[in-house]
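Trainee: Submitted below is the structure of interest, expressed as structure tokens.
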There are 2 protein chains.
Amino acid sequence: MAQSNPPFMSGVPELLLLRLLDQSDMYGYELVRSIRAATGEAISLGEGVIYPVLHSLERNGSLKSKRKAVSGRTRVYYSLTGKGRQRLGKLQDDWRRIQGGIANALEVPSHA
Amino acid sequence: MAQSNPPFMSGVPELLLLRLLDQSDMYGYELVRSIRAATGEAISLGEGVIYPVLHSLERNGSLKSKRKAVSGRTRVYYSLTGKGRQRLGKLQDDWRRIQGGIANALEVPSHA
DNA sequence: ACACTATACCTAGCAGTTCAAGGTATTCGA
DNA sequence: TCGAATACCTTGAACTGCTAGGTATAGTGT
């Protein structure tokens, strides 16, 4: 059946979104800039990445949304659910694991 | 014509390969196990990942290979070239950058 | 009044990367 | 002698994330 596991290093956009939403509710457009800021400009994810992730997280119950009209414009604020907080924990663990693994490999003294 | 940049978090298999080969010459099958070991079992890349990367690195001049017969079996040993060492440096910098960015985002005190 | 930028939402389609699953051949241990 | 381990390899597909669009409203400068 050729059932493929997700690539070993994926889900980072999801992790960052959940992490920021754990600190405060935010809307999509805001998250785009917040991710850039929170990572010290190291990571810049476009709207084409953010919105689809937001939608799939809401579909699976990790987020819930609330539309809010602000001076004529509509914003969709997202907040974490219990399931989302759980998901965040798992992704954080996964990340630390692979991050630590790579750190190990890199820390070994160089041959030169 | 829809020219896409590589995903912001790719090239880790390549990084690990180059890093290990910087320590000592190795052959493909050996690298598969070395990566598992060096990362403390955190990352496990199959032969289907390793061999293609090895070949493309050789094609672009980052590695050179040397066939060696060992008790009837043929092993292909790879070693870093100058270009490969340069490539390793760049990938290491890239990695530290994005790794640091994510660390920043995660280190901010949690809302809970 | 008009244009231009920023805000704010969204989707389709593709490109690049990694993965699973095979295939070949030799050697070694039970 | 039969299976597991060694050692090489490729194909095809899955998955993620990127580019490039699209809509609409509000603010700013001229």
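Trainee: With θ taken as phi - 60° and the coefficients 6.51, -1.76 and 1.60, list the Karplus ³J(HN,Hα) couplings across region A:29-37 in order, rounded to whole Hz; mark glycine and proline as x.
Mentor: 3J(HN,Hα) across region A:29-37, in whole Hz: 4, 5, 5, 4, 6, 5, 5, 4, 5.
Trainee: Say each of A:V76 and A:R97 gets a label point 7 Å from the Cα, pointing the same way as Cα to Cβ; how far apart are those two points in nm?
Mentor: 3.1 nm
Trainee: Which whole number gives the average count of other chain Cβ atoms within 10 Å of the Cβ atoms across peptide B:92-105?
Mentor: Working: counts 1, 0, 1, 4, 3, 5, 4, 6, 3, 11, 11, 6, 6, 14.
The shielding value for this peptide is 5.
Trainee: Taking a probe of 1.4 Å, how large is the accessible area per residue of the protein assembly as shown, in Å²? If you can, show how the numbers build up before the last one.
Mentor: On the way: 12800 Å² over 224 residues.
Counting only protein heavy atoms, the per-residue value for the protein assembly as shown is 57 Å².
Trainee: Please list, in chain and number order, the residues 5+ apart from A:Y27 or on another chain whose amide H is under 5 Å from its amide H, with Hs placed from the backbone.
Mentor: It is A:Y78, by chain and number.
Trainee: Now for a different question. Using a simple charge model, +1 on the beta-carbon of Lys and Arg, -1 on the beta-carbon of Asp and Glu, nothing else, what dipole does the protein assembly as shown show about its Cα centre, in debye to the nearest 20?
Mentor: It comes to approximately 280 debye.
Trainee: Where does chain A land on the Kirkwood hydrodynamic radius, alpha-carbon pairs, in angstrom? Spell out each step's value before the answer.
Mentor: Details: mean 1/r = 0.0638 Å⁻¹.
For chain A, the Kirkwood estimate is 15.7 Å.
Trainee: In Å and on Cα atoms, what radius of gyration and Dmax does the protein assembly as shown show?
Mentor: 20.8, 77
Trainee: Can I ask one more? Measuring from a point 7 Å past the Cα of B:N5 along Cα-to-C-beta, which residues in region A:28-53 have an amide N at less than 11 Å?
Mentor: Label zone hits: A:42-46.
Trainee: Another question, then. Over chain A, what percent of the accessible surface lies on carbon and sulfur atoms, probe 1.4 Å? Mind showing how you got there, number by number?
Mentor: Numbers: 3200 of 6390 Å².
Carbon-and-sulfur percentage of accessible area, whole number: 50.
Trainee: Using only protein heavy atoms and a 1.4 Å probe, how much accessible area in total is buried between B and A, to the nearest 100 Å²?
Mentor: Working: alone 7810 and 7790 Å², together 12800 Å².
So the total buried area for this chain pair works out to about 2800 Å².
Trainee: Scan region B:39-110 for GluC sites (Glu not before Pro) in coil per DSSP, keeping those whose Cβ has at most 15 other Cβ atoms within 10 Å, and list them by number. Could you put the intermediate results ahead of the total?
Mentor: Values: sites: B:E41, B:E47, B:E58, B:E107; in loops: B:E41.
Within region B:39-110, the qualifying GluC sites (Glu not before Pro) (loop, at most 15 other Cβ atoms within 10 Å) are B:E41.
Trainee: So for chain B, taking the charge dipole from beta-carbon charges (+1 Lys/Arg, -1 Asp/Glu), which of B:S10, B:H55, B:V70 sits furthest toward the positive end?
Mentor: Value: B:V70.
The values are calculated or read from the model by the stated rules, or taken from the named source; none is laboratory data. Keep in mind that this is a model prediction, so the values were computed, not measured. For neighbour counting, all protein chains shown are included, and Cβ atoms are generated from backbone atoms with ideal geometry for every residue, glycine included. Only protein heavy atoms, including side chains, enter the accessible area calculation; ligands, DNA and RNA are left aside. Shrake-Rupley method; radii C 1.70, N 1.55, O 1.52, S 1.80 Å.
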